[in-house]
Amino acid sequence: MSYVYSGAYTPITCRLVEQVLSRGSWASLDDVTKLLPGPSFSTHKTTSVKGHTGSSSAPEPLSERVVMVYFLGGCTSAEISALRLLGRMKNYTFIVATTSVTNGNKLMESIKEKV
């Protein structure tokens with residue numbers, strides 16, 4: 001994913017998503033999540049299989065893997081691009097929801113003085 005940032009940087013949000021997908025849950029990232037500021041949280045895993053009739057045979061695995069990532073407080077266009085690249089590499093479809101998408105121009109406009 002650092003390709004999106006010219007090989008120099010990968011945002012922690014994208015790294016966290018990558019680690020959760022490779023390890024299977026947030027529970028395996030307790031050591032990392034303890035370092036993040038803010039209150040702690042717990043997760044509960046629920047699964048459902050669409051079209052399962054309740055027979056004793058195991059259901060067919062779903063071929064499409066969809067992950068929703070929600071950025072509370074906003075994200076950059078480059079973070080979305082990095083997640084899309086991760087999705088292509090790991091065969092996931094990401095749905096990105098955010099409160100705001102920003103870029104360098106918007107950042108500079110927000111900090112420059114109004115004349």
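Summary table below
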read-out: Long-range HN-HN contacts of Val67 with modeled amide H, under 5 Å; value: Thr93, Phe94, Ile95
read-out: Long-range amide H partners of Thr10 with built H, under 5 Å; value: none
read-out: Karplus (6.51, -1.76, 1.60) ³J(HN,Hα), θ = phi - 60°, over region 102-111, in Hz, Gly and Pro reported as x; value: 10, 9, x, 5, 5, 5, 5, 5, 6, 9
read-out: Region 88-101 - phi-based ³J(HN,Hα) in whole Hz, Karplus 6.51/-1.76/1.60, Gly and Pro as x; value: 5, 6, 9, 6, 10, 10, 9, 9, 9, 10, 8, 7, 6, 10
read-out: Under-5 Å amide H pairs with Thr76, H placed in peptide plane, nonlocal only; value: Thr102
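Each reported figure results from applying straightforward, stated rules to the coordinates on display, with no laboratory input. A quick note: this is a predicted structure, and the numbers were derived from the prediction, not measured.
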